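One structure is given here, and the rest of the page talks about it.
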Amino acid sequence: SQQGEEDPQALSIQEGENATMNCSYKTSINNLQWYRQNSGRGLVHLILIRSNEREKHSGRLRVTLDTSKKSSSLLITASRAADTASYFCATDAGDYKLSFGAGTTVTVRA
Amino acid sequence: DAGITQSPRHKVTETGTPVTLRCHQTENHRYMYWYRQDPGHGLRLIHYSYGVKDTDKGEVSDGYSVSRSKTEDFLLTLESATSSQTSVYFCAISEWAGSSYNEQFFGPGTRLTVL
C-alpha cells in the first residue's frame, strides 16, 4: 500500500499566489522527496529533505518535515503558469525503494 | 529525461498476448524500477532491480516479470496481458549514495492499452 498521501487532491490558484500542499505518511523514513509531473511526462525530482532536517529551501520551493506528526508540506511561492503540474511526495524508508502518494494537481490561472 | 529511454512509447494489444516493455539507461546507475501509474493511485512499484540479475517484487507484481541481463537494460514482461494492466508504465533509475539518499530519475513513460 502507498505510504504517502497528499492533500488536497487538487488546487487552483491565481498566478502570483502561493500554493501549499501536504503529505502524510505512516512509517519511519530516512528522507522524504517531492517530485513534479507535467502532463504526459515522467516525474522530475524537486527537493529532498532528510529525517533530521525540519525545513529546506530551493528557489521558490520550501519544504518542511515534522517527523513527530509524520507529515511534510511543500510551498511554492509566487506561482507561475509553468508550475501547473501534479506534485507527488515520496518516502524513502532506506530499503532501496520509494513509496509515492497519489499526488496533488495544481492549476495556476493566468 | 536524463539518459533513460523507454520503448515502445505507445502500445495497443489484445487480452492474453504477451507484452515486453524495455527500459534503457546510459547513466550506469545500479538501481532500476518499474512503476505503473493509474488515476487516483499515483505511482505503484511493480518490480525493481539492484544489480544485474538481481531483482525483487514491488507492491503490484502479480502478472508481471522482469529481467536484467545488462546494467543498462531492464525489461518488464506482461506474461498474458489483461485489461486491468492498461496503464502508463514508467521506468526509473537511481544510484544509492550512502544510507539515506535515493533520488530517482524517470523515463518518459509507455502508454499501454489492453483491449
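For the reader, a short list of remarks on this structure follows.
- Selected residue (criterion: nearest to B:Glu95 (Cα to Cα)) from residues of the range B:12-29 that are assigned to a strand (DSSP E or B) and free of Cβ contacts under 8 Å to residues at least 60 places away in the same chain: B:His24
- Failed item in (1) over 18 Å from B:Gly58 (Cβ atoms); (2) at pLDDT 95 or above, with A:Glu5 passing the rest: (2)
- Top-ranked residue of the range A:80-91 - restricted to ones that are at the interface with chain B (Cβ under 10 Å from one of its Cβ atoms) and in contact with a Ser or Thr (Cβ under 7 Å, 6 or more places away or on another chain), ranked as surrounded by the fewest Cβ atoms within 10 Å (Cβ to Cβ): A:Ser86
- Pairs where the first residue, in the range A:34-46, is facing chain B (nearest Cβ under 8 Å) and the second is part of a loop (DSSP other than H, G, I, E, B) and at pLDDT 95 or above, C-beta under 6 Å, 6+ apart: A:Gly42/B:Gly107; A:Gly42/B:Pro108; A:Gly42/B:Gly109
- Options B:Glu72, B:Glu103, B:Glu95; residue that is of a type outside the set (A, V, I, L, M) and surrounded by fewer than 15 Cβ atoms within 10 Å (Cβ to Cβ): B:Glu95
- Each residue in the range A:18-34 was checked for being loosely packed, with under 13 Cβ neighbours inside 10 Å and farther than 22 Å from A:Gly94 by Cβ, and 1 pass.
- Residues that are within 11 Å of chain A (Cβ to nearest Cβ) number at least 3 in the following strands (runs of 3 or more DSSP E) confined to the range B:33-107: B:42-51, B:54-57, B:87-94.
- Looking only at residues in the range B:3-32 that are more than 14 Å from chain A (Cβ to nearest Cβ) and β-branched (Val, Ile, Thr), the one that is farthest from the chain's Cα centre (by Cα) is B:Thr15.
- The listed residues are A:Ser79, A:Ser73, and the only one of them that is outside any loop (DSSP other than H, G, I, E, B), in contact with a strand residue (DSSP E or B) (Cβ under 9 Å, 6 or more places away or on another chain) and not charged (D, E, K, R) turns out to be A:Ser73.
- Note on the range A:98-110: residues that are out of contact with any strand residue (DSSP E or B) (no Cβ under 6 Å at 6 or more places or on another chain) and within 13 Å of chain B (Cβ to nearest Cβ) total 0.
- B:Tyr35 being touching a Ser or Thr at 6+ places or on another chain (Cβ under 8 Å) and of a type outside the set (A, V, I, L, M, F, W, C): no
- The range A:47-74: number of residues that are away from chain B (no Cβ under 14 Å), surrounded by fewer than 21 Cβ atoms within 10 Å (Cβ to Cβ) and of a type in the set (A, V, I, L, M, F, W, C): 1
- Residue within the range A:8-24 that is outside any strand (DSSP E or B) and either basic (Lys, Arg) or free of Cβ contacts under 8 Å to residues at least 24 places away in the same chain (or both) present: no
- Flag: B:Tyr31 does not match the condition of being closer than 30 Å to A:Pro8 by Cα and either hydroxyl-bearing (Ser, Thr, Tyr) or touching a Cys at 6+ places or on another chain (Cβ under 9 Å) (or both).
- Condition check for A:Arg62: under 13 Å from the mean Cα position of the chain (by Cα) and not hydrophobic (A, V, I, L, M, F, W, C): yes
The values are calculated or read from the model by the stated rules, or taken from the named source; none is laboratory data. Quick caveat: nothing in here was measured; it's all calculated off a predicted structure. Every residue, glycine as well, gets a Cβ built from its backbone with ideal geometry; the counts of neighbours run over all protein chains shown.
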